[in-house]
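Quick notes on the structure that follows.
Throughout, read-outs are computed from the coordinates displayed, never taken from laboratory work. What you see is a predicted model, and the numbers here were worked out from it, not measured in a lab. With ideal geometry, Cβ positions are generated from the backbone for all residues, glycine too; neighbour counts draw on all protein chains shown.
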Amino acid sequence: MSSFFVLKQLKARLSRQGIDVKNLKIGHAGTLDPIATGLLIVAVGEATKLLEYVVGQDKVYEAECVFGAVTDTYDADGEVELISFGGEDFIDKLSVSSLKKVIHQFTGEIDQIPPRFSAKKIDGVPAYKLARKGEKIEMKSCAVRIDAIDIISFKWPVLTMKVACGAGTYIRSLIHDIGQVLGCGAYMNELRRVSIGKFRVEDAVAVDDFVLENIASIEDSFANFPTVEFGEEDMDILNRGNFVDLSGEDSARDEVFLGKYNGKIFAVLELVRGDGGRGEARASQVKTKKKLNVFI
């Protein structure tokens, strides 16, 4: 199912539970590939304003790749092209140990070229839309971070692995590139997202089982995010768009953090840079980046 379909189903289930969904804001933290399953983080109401801080968190995937062929989409949805390689001699020599040596090359900070059939935008247009029209596309490489690649199982031609990586990493491209280095080609057959930041798929709920009570509070969901507690006066000042001085607040050293009052998160705040001159705020001052309407 698509990410859009998930949101549509959740809205329908909330409606059946008596929630007015006509003007309800609902969004998700990052579209999965069509072939993928696993964790999709969904935010409702004011929490949608915080989704951008979830999207950029580290992720863990479990992926199954097939050697001996490539596809134009880098996954099983594409047109398969068999690759000529060393045959049985090659297969006999390809062990878990030799695979680990190749895979290790792809850990750390690496340059990666996204698939042509991806949501990566070219002049504001998703690349897959241009690719489907048959237009020639030059995908530019981008820097990504891969923290670890662990082999779960391997039996020719199928390799199953777990990948811990930073935001923006394409597992399809990783698998394709591994196949190119090996010389036998490879494409992604299955992909499952198992975690985003502290959110884990084993703690998730299936769409068909979803009820209103499954919605966690913003405070619980962002318990690990840097937060500063404010009094009512400072909260009002911030909500009016003015600065508040946080000199001596160690927790305010993060560029962006959450403001809390009376147990509720009321805003995303940011440090204001300046030299303290006329009209400029000092580096110890903060202002509201996003206001959450949680006290209405």
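Quick look at the numbers
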quantity: Entries of K22/K264; K93/K155; K25/K120 with Cα pairs more than 18 Å apart; calculated: K22/K264; K25/K120
quantity: Structure-derived P(r) over Cα pairs in 5 Å bins from 0, in percent: which label, when the choices are (1) 1, 4, 8, 10, 10, 10, 9, 9, 8, 7, 7, 5, 5, 3, 2, 1, 0; (2) 1, 5, 10, 12, 13, 12, 12, 11, 9, 6, 4, 2, 1, 1, 0, 0; (3) 1, 5, 12, 17, 20, 19, 14, 8, 3, 1, 0; calculated: (2)
quantity: Nearby aspartates and glutamates by direct alpha-carbon distance to K100 (threshold 17 angstrom, same-chain neighbours under 8 apart not counted); calculated: E62, E64, D92, D147, D150, D177
quantity: Stretchable slack from S247 to M1, in nm (0.36 nm times residue separation minus alpha-carbon distance); calculated: 83.7 nm
quantity: For Y74, Y261, order by how many other beta-carbon atoms lie within 10 Å, fewest first; calculated: Y261, Y74
quantity: Where labels lie 7 Å past Cα in the beta-carbon direction, separation of D20 and K287 in nm; calculated: 3.4
quantity: Region 58-196: C-alpha gyration tensor shape, a/c 1.5 cut-off, then a/b vs b/c; calculated: oblate
quantity: Over region 40-119, volume per residue of the alpha carbon convex hull, in Å³; calculated: 152
quantity: Antiparallel DSSP beta bridges within the chain, as percent of all bridges there, nearest 5; calculated: 90
quantity: ³J(HN,Hα) computed for each position of region 233-244 - Karplus, 6.51 cos²θ - 1.76 cosθ + 1.60, integer Hz, glycine/proline x; calculated: 4, 5, 4, 4, 4, 5, 5, 8, x, 9, 8, 10
quantity: Most to least packed among 262-269, 51-58 [average Cβ atoms within 10 Å]; calculated: 262-269, 51-58
quantity: Contour minus Cα-Cα distance for S141 and E202 (0.36 nm per residue); calculated: 18.6 nm
quantity: Fewest-first ranking of C65, C142, using other Cβ atoms within 10 Å as the exposure measure; calculated: C142, C65
quantity: Calculated FRET efficiency for the pair E52/A12, C-beta based, R₀ 41 Å, to 0.05; calculated: 0.95
quantity: Alpha carbon centroid spacing (whole Å) that separates region 55-98 from region 194-209; calculated: 27
quantity: Rounded, prolate or oblate (a/c below 1.5 giving rounded, otherwise prolate when a/b exceeds b/c) for region 59-100 by Cα gyration tensor; calculated: oblate
quantity: Distance between modelled label sites at A167 and E255, nm, 7 Å Cα→Cβ extension; calculated: 1.1
